[in-house]
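As C-alpha cells, the structure follows; a few thoughts come after it.
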Amino acid sequence: MDIGMLEMQPPEKGAAINTLVFRPGRCTNCGMCLKVCPHRVFAPGERRVKMARADLCMECGACQMNCPSGAIAVDSGVGCAAAIIKAALRGKDEVVCGEECCR
Amino acid sequence: MEEGYATEIMATVSQLGSRERNDHLKARIGIDRMGHRVRPGLYALGSPTRSSPVLVTANYSLSFDALRSALPGRNAWILALDTKGINVWCAAGKGTFGTEELLKAVQATDLASKVDGRTLILPQLGAPGVSAHQVRKGCDFKVEYGPVRAEDLPAYLDTGECTEEMRTVRFKLKDRLVLAPVEVRNYRWLMVLMILAAVFVPFYGPLVLALTLGGIFLFPALLPRLPGKDLSLRGMVLGGLLVTPFALYQLLFWSGGFVIAAVAAEYMLMIAWLGYIGLNFTGSTTFTSRTGVRREIFAYIPWIAGMALLGGALSVVTLALYAGWL
C-alpha cells in the first residue's frame, strides 16, 4: 500500500504540487501571463515578470498558451477527479467530459 | 436544434425570463447535462453598430446567459463558440474553447465583414485554450482578455482595464454550494435507496442518509473551516465529526457487547465514505492542479478502500455479536 498519509502529513504552506516551470531568460515582459493567470501566480517585474506565488498554480495552462516567447511550461489538464478515478481503476487514459464521462 | 454555426446574425436580449430560469435550474441539477446549448454563431445583443465590442463566449446556455444578463442596456456583439454545451473554463481546458474553434467561428460567421473593430474580447478563463498570439497570426482580429466574471464586464468595457480582483477566480460559499445539487444527481440511485433505508431501517438508515447529505452539502459549505490540506482528509474529518453524535447515543443508550464493534464499524465506513466524497470534490474546486488531484487520488484510494473493508468486516462482527454467534 502507498504510504500517502505520511507524505501528506506536514501540509507546509506553499508545498507546490504542480509542474509549473518559468524560464526567466526567455521572458520579454509582455505581461500576458499577468493577465491570464486566475491565481495571480506571476507578478510584474522591472525587466521580466516574477513567479511570485508558484504554489497557487492549478495547472490550467493559460500562461503557457499565451506566452509568445515560450518562457513558461506547465503540464496542464482539466483535473476532473471522476475521470482520474475511472482511469486509475480501468488503467486507461483519462477521458474528460462528453459521452465517455459524466452522464 | 440545428447543428453548426449560424451564418445569419441572431438577435438576443439582456433580460432573462422564466424559460431561462427553468433551463438554469435543470442545468444546476444535472438534468439533460449535455443539452443546455445555444446555437453557435454571432448574436446581436440589443442594437449593436459596426463599432460595438465583440464578446466571445461558449455555447453553454449558463455561460451565454451569464454574459448577456450582465449587460443590461448595452449593445454588443456576442460570438458563441461551439463548445458542445460546455462552459468556458472547462471547454478551454479541453481545448474546445480554443484557438482553432475561435478562428473557425470568425470565419463561419464572416465576422470581419460585419464589424469594423478588430478586437475580440474573451473571458479570461478562456485563456487555457486560446493562444492570443496564434489568433493574431490566424486572422485579422486580436484577442483581449476581459474579466473572469461576466458581472465585471460593464466596468471593464467602461475603463478598458481589469483590476486584480477582476482577474482572480474565487470559490466563495455560493460558488461551492451551487455544485451540490449535481452531486445529489450523481448519486441519485443511491439517494433513493438511502431515503428508503432512512424510512425503514431504524437508526442506521437515518445515519447513512445524514452523513451522505452532510458530505454533499456541509462539506462544500465548511470546506475552508475543515482541518487538513487534502480534501480527502477534510472529508474524513467531517465524517468523523458527523458520526460522533450517533456513536455517543449508542454508547449511552444501547447495551451489549456488540455496541463497541458497531461504533467502530460506523466510524470506519463513514470516514471512508466522506473521504471519498471529499476526494471527488478535488475535481470541482477552482484551485486544485491536475498533478495535485492525481497525487491525492493515488494516495487516498488505498486508505479509503482499506477503511471501507475494515468497516465491512467490523459490521459482520457486530452482526455476529448481536445475534449471539460469537
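Since every read-out is calculated from the coordinates, none of them should be taken as a lab result. Fair warning: this is a prediction, and the values are worked out from it, not measured in the lab. So basically every Cβ, Gly included, is an ideal-geometry build from the backbone, and we count neighbours across all protein chains shown.
In the calculated pair distance distribution of the stretch B:174-323, what percentage of Cα-Cα distances lie above 18 Å? Don't skip to the end; give the middle numbers.
Details: 6619 of 11175 pairs.
When every Cα pair of the stretch B:174-323 is considered, 59 percent fall beyond 18 Å.
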In debye to the nearest 20, the charge dipole size for the stretch B:151-299, taken about the Cα centre with +1 at each Lys and Arg Cβ and -1 at each Asp and Glu Cβ, equals 420
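Tell me the chymotrypsin sites (Phe, Trp or Tyr not before Pro) within the stretch B:191-223 that lie in a loop according to DSSP and have at most 16 other beta-carbon atoms within 10 Å.
Details: sites: B:200, B:203, B:204, B:217; in loops: B:203.
Hits after loop and neighbour filter: B:203.
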Between residue B:120 and residues 5 or more places away or on another chain, which pairs have amide H atoms under 5 Å apart, with H built 1.01 Å from N, and which residues are they? B:142, B:143, B:144
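Could you tell me what fraction of 2.2 N^0.38 Å the Cα radius of gyration of the stretch B:74-176 comes to, as a two-decimal ratio? Intermediate results must be reported in sequence, preceding the final value.
Details: Rg = 13.9 Å, N = 103, 2.2 N^0.38 = 12.8 Å.
Taking the Cα Rg and dividing by 2.2 N^0.38 Å, one obtains 1.09.
For the protein assembly as shown, what is the charge dipole size about the Cα centre, in debye to the nearest 20, if Lys and Arg each add +1 at the Cβ and Asp and Glu each add -1 at the Cβ? Can you show the working numbers first?
Working: 45 positive and 36 negative charges, 90 e Å.
Charge dipole of the protein assembly as shown: 440 debye, to the nearest 20.
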Inter-probe distance in nm under a simple model that places probes 7 Å from Cα toward Cβ, at residue A:73 and residue A:39: 2.0
For chain B, the Cα gyration tensor yields equivalent-ellipsoid semi-axes (√(5λ), largest first, whole Å) of 50, 19, 16
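Would you mind ranking B:212, B:99, B:244, B:282 by Cβ crowding within 10 Å, fewest neighbours first?
Numbers: B:212 22, B:99 19, B:244 14, B:282 28.
With the fewest neighbours first, B:212, B:99, B:244, B:282 line up as B:244, B:99, B:212, B:282.
What 222 nm value per residue comes from the helices of chain B, counting each DSSP H run with n ≥ 4 as -39,500 (n - 2.57) and dividing by all residues, nearest 500 deg cm²/dmol? Kindly include the intermediate steps, with their values, before the conclusion.
Values: 15 runs with 176 residues, N = 326.
That comes out to -16500 deg cm²/dmol.
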What whole-number distance in Å separates the alpha-carbon centres of the stretch B:231-273 and the stretch B:52-88? 48
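One quarter of the convex hull surface, Cα atoms only: what value does that give for the stretch B:10-169 in nm²? Don't jump to the answer; show the numbers that get you there.
Numbers: hull surface 34.9 nm².
Answer in nm², one decimal: 8.7.
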Residues whose built amide H sits under 5 Å from the amide H of residue A:57, excluding neighbours closer than 5 in sequence, are none
Going through the stretch B:156-264, which trypsin sites (Lys or Arg not before Pro) have at most 15 other Cβ atoms within 10 Å and a DSSP loop state? B:170, B:172
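Kindly state, as a whole number, the per residue volume in cubic angstrom of the convex hull around the alpha carbon atoms of the protein assembly as shown.
Working: hull volume 70.6 nm³, N = 429.
It comes to 165 Å³ per residue, whole-number rounded.
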Cα gyration tensor, the stretch B:23-100 - rounded (a/c under 1.5), prolate or oblate: oblate
Flagged as over-length at 23 Å C-alpha distance, from A:86/B:94; A:86/B:174; B:26/B:84, the pairs are A:86/B:174
Please list 3J(HN,Hα) in residue order for the stretch B:98-104, calculated via the Karplus relation 6.51 cos²θ - 1.76 cosθ + 1.60 where θ = phi - 60°; whole Hz, with x for glycine and proline. x, 3, 4, 5, 5, 4, 4
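When the chain is fully extended, how far beyond the present Cα-Cα distance does residue B:170 get from residue B:249, taking 0.36 nm per residue of separation? Walk me through the numbers before you get to the answer.
On the way: separation 79, 0.36 × 79 = 28.44 nm, distance 3.96 nm.
Here the segment from residue B:170 to residue B:249 would lengthen by 24.5 nm.
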Could you name the lysines whose alpha carbon sits less than 24 Å from that of residue B:114, not counting residues in the same chain fewer than 8 places away? B:104, B:137, B:142
Quick numbers on the stretch A:18-90, Rg and Dmax over C-alpha atoms in Å, give 13.9, 49
Most positive-pole-ward Cα, B:312, B:25, A:76, against dipole of the protein assembly as shown from beta carbon charges: A:76
Taking H placed 1.01 Å from N in the peptide plane, check which residues at least 5 places from residue B:57 or on another chain put their amide H under 5 Å from its amide H. B:79, B:80, B:81
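Please find the FRET efficiency linking residue B:116 to residue B:190, where r is the Cβ-Cβ separation and R0 is fixed at 60 Å, and quote it to the nearest 0.05.
0.60
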For chain B, set up a GNM with springs between Cα atoms under 10 Å and report which of B:159, B:83, B:96 has the largest fluctuation. B:159
Between residue B:10 and residue B:316, what is the FRET efficiency for a Förster distance of 60 Å, r being their Cβ-Cβ separation, to the nearest 0.05? 0.45
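Could you give the dipole magnitude of chain B about its Cα centre, charging the beta-carbon of Lys and Arg +1 and that of Asp and Glu -1, in debye to the nearest 20? Mind showing how you got there, number by number?
Numbers: 32 positive and 25 negative charges, 47 e Å.
Its charge dipole is roughly 220 debye.
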With label points built 7 Å along Cα→Cβ from the Cα atoms of residue B:28 and residue B:75, find their separation and express it in nm. 3.4
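List the GluC sites (Glu not before Pro) within the stretch B:1-65 that fall in a DSSP loop (any state other than H, G, I, E or B) and whose Cβ has at most 16 other Cβ atoms within 10 Å.
Here the sparse-neighbourhood loop sites are B:2, B:3, B:8.
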Under the Karplus relation 6.51 cos²θ - 1.76 cosθ + 1.60, θ = phi - 60°, what is the ordered set of whole-Hz ³J(HN,Hα) values for the stretch A:49-59, x standing for Gly and Pro? 6, 10, 8, 7, 9, 4, 5, 7, 4, 10, 6
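Work out how much length residue B:200 to residue B:323 would gain on full extension: take 0.36 nm times their residue separation and subtract the Cα-Cα distance, in nm to one decimal. Let's see the in-between values first.
Working: separation 123, 0.36 × 123 = 44.28 nm, distance 2.02 nm.
My answer for the length gained is 42.3 nm.
Using only Cα atoms, what is the ratio of the radius of gyration of the stretch B:119-224 to 2.2 N^0.38 Å?
Details: Rg = 22.0 Å, N = 106, 2.2 N^0.38 = 12.9 Å.
Taking N as the residue count of the stretch B:119-224, the ratio is 1.70.
Need the full-extension length gain, residue B:163 to residue B:217, defined as separation in residues times 0.36 nm minus the C-alpha distance. One decimal, nm.
Working: separation 54, 0.36 × 54 = 19.44 nm, distance 3.23 nm.
Result: 16.2 nm gained on full extension.
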